[in-house]
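Since the structure comes first, as structure tokens, the remarks are kept for the end.
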Amino acid sequence: MSYVLKGKVAVVTGSGQGIGRAIAIGLANEGAKVVTNNRKPGSTGKQMISDAQIKKLDIKKKEWFEKETAAISGDAETTAQAINKMGGEAVAFFGDISDFATAEKLINTAIKSFGKIDILVNVAGGFGFSPIEKMTEELWDKVTRVKPKGYFNTMRHAIPHMIKQKWGRIINCTSRAWQGDVIKHAEYCAANAGVVGLTKAAAIELHKYGITCNCFSPFAKTRAAYELDTYPLTVSKEDMPFVFDNMDFGGDMMKITPGPEYVAPFVCYLASDAASHVSGSIFTLGGNTISMYSESIHSNNLTKFDNKPWTMEELVQQAPRGLLAGYKSPAANPFG
């Protein structure tokens, strides 16, 4: 290891298992002292699939699902123990970051335990399925109170400390769903779009203090990925809350999905001095491929050169020729 983060202190939310755990261990391997976090002791349980649905699986698939998810289960304490066992320094904090006061206690745990807070990585998240016309307020709140509200909460309490020391790294987990999705989970799309907007706004505000803010969208083998892969096997095609065609379920997809340990190195890079010039950007991390999203810009324009508002007749005539020339609807072509 290069120990590029030696002397730094990091807080990683949602680090009991999966991607958050891998990032916490990766930061520790690079020399950072880490505060691990998840909501409560023990596994946080299933996000989108019920025990009743699991019982519908045939015996072989049920055993596969339970074995695979049990192997990656854990909590903030088991992650901290793993870091300490390998010679690093970590303490665990249990608490829900969607609560403003709890998020403050989380950041203060870093201050009290290690004297400061340099790096904040928000990985915690929620998930659910529902067509938007049937979505409950409960599902909407369940997902969006973690992202972006919980991320704001931790940032709000960490940033004043970072401003004082003129150094900080904020790295927030988003999803490709921030651009919309073929899966019917508008609340999740909104939550992750909110993370992108929050991160970009903070990056601009905090640039003068030497604080960077970036997003990463991971593709990795996690408990949620196992659930997403298994869920379609428990319901009828008519009840599927997302596109059913051309999707592979039941374990085969998981065989080729990279592990969460592949996400950690680039997050560590963003947390280092080497990436001091990188801020306000969004990256996709999957296996050994790292991609960066382009920035949204105006691609076409339509201007009327007089002092009168557009008429409907003018727009019907001119919009297809200029503004919408070569247009393809993102709704009809979600993957471009």
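The values are calculated or read from the model by the stated rules, or taken from the named source; none is laboratory data. In this text the structure is predicted, and so the values were computed from the model without any measurement. As a convention, Cβ positions derive from the backbone with ideal geometry for all residues, glycine included, and neighbour counts pool all protein chains shown.
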How many residues, within region 126-138, are crowded, with 19+ Cβ neighbours inside 10 Å and modelled with pLDDT of 95 or more? 0
So which of Thr69, Thr78 ends up being part of a helix (DSSP H, G or I) and at pLDDT 95 or above? Thr78
Considering residues of region 242-267 that are surrounded by fewer than 15 Cβ atoms within 10 Å (Cβ to Cβ) and acidic (Asp, Glu) only, the residue modelled with the highest pLDDT: Asp252
Among the residues listed as Leu233, Leu270, the single one being modelled with pLDDT under 65 and either within 16 Å of the chain's Cα centre (by Cα) or buried (at least 17 other Cβ atoms within 10 Å of the Cβ) (or both): Leu233
When the residues of region 143-176 are narrowed to those that are under 11 Å from Asn122 (Cα atoms) and among the hydrophobic types (A, V, I, L, M, F, W, C), which ends up surrounded by the most Cβ atoms within 10 Å (Cβ to Cβ)? Ile170
Identify all residues within region 94-119 that are outside any loop (DSSP other than H, G, I, E, B), in contact (Cβ under 8 Å) with a residue 60 or more places away in the chain and either touching a helix residue (DSSP H, G or I) at 6+ places or on another chain (Cβ under 8 Å) or not β-branched (Val, Ile, Thr) (or both); write none if there are none. Leu106, Ile107, Ala110, Ser113, Phe114, Ile119
Output yes when any residue across region 134-156 is within 10 Å of the chain's Cα centre (by Cα), over 19 Å from Ala271 (Cβ atoms) and not in a helix (DSSP H, G or I), and no when none is. no
Taking the criterion of being modelled with pLDDT of 65 or more and under 22 Å from Asn29 (Cβ atoms), would at least one residue in region 277-284 satisfy it? yes
